[in-house]
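Have a look at the structure below before the remarks.
The values are calculated or read from the model by the stated rules, or taken from the named source; none is laboratory data. Keep in mind it's a predicted model, so treat the numbers as computed, not measured. A quick note on method: Cβ atoms are made from the backbone with ideal geometry, for glycine too, and the neighbour counts reach across all protein chains shown. The area values use the complete protein model at the heavy-atom level, side chains included, leaving out ligands, DNA and RNA. Shrake-Rupley method; radii C 1.70, N 1.55, O 1.52, S 1.80 Å.
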Amino acid sequence: MYRALTHGIQVTVEPFYLAEESDPQANQFLWAYTVEIVNLGQETVRLRARHWRIVDALGREEEVRGLGVVGEQPVLAPGERFEYTSGCPLRTPSGMMRGTYEMEDLEGGRFDIAIPAFSLDIPGEQRSIN
């Protein structure tokens, strides 16, 4: 698991390879990842947007931006958590992801929190630094 804490918001990510949905012969590798966001701070916040940077084993980078996560913009009071699972396809057998979430407090102030960098590696395969 990978973890980051920014502005009192903890983000934990656990990636896993989807072997049954991947097709290595066609250079199609699919991962899923579960994200848990916990408000350890003192203020209620809302997750407004996401920004991902995805890099494959050949160094090709893709950026993904969008509102919310999995169709939601969750509101987290102090002590509350939100969890979701999503996926990422790659054309190589390894890669990495990192990013930020844009959050908003009750007064309308916006700030970014870190999504920790995490590795996408097929279990049992040689790992590469991307």
In the stretch 73-121, the residues that are touching a residue at least 12 places away in the same chain (Cβ under 8 Å) and of a type in the set (Gly, Ala, Ser): 77, 79, 86, 87, 94, 95, 99, 114, 117, 119
Considering the stretch 61-72 alone, what residues qualify as being touching a strand residue (DSSP E or B) at 6+ places or on another chain (Cβ under 9 Å) and without any contact (Cβ under 8 Å) to a residue 12 or more places away in the chain? 61, 62
Quick check, is residue 87 touching a helix residue (DSSP H, G or I) at 6+ places or on another chain (Cβ under 9 Å), on the phi < 0 side of the Ramachandran plot and of a type in the set (Gly, Ala, Ser)? yes
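Let's see how each residue does on (1) of a type in the set (Gly, Ala, Ser); (2) closer than 17 Å to residue 36 by Cβ:
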position	(1), (2)
60	no, no
63	no, no
68	yes, yes
75	no, yes
81	no, yes
85	no, yes
93	no, no
108	yes, no
Would you list the strands (runs of 3 or more DSSP E) that sit entirely within the stretch 1-107 and hold 1 or more residues that are aromatic (Phe, Trp, Tyr) and open to solvent by less than 20 Å² (accessible area, probe 1.4 Å)? 29-39, 45-56, 81-90, 94-105
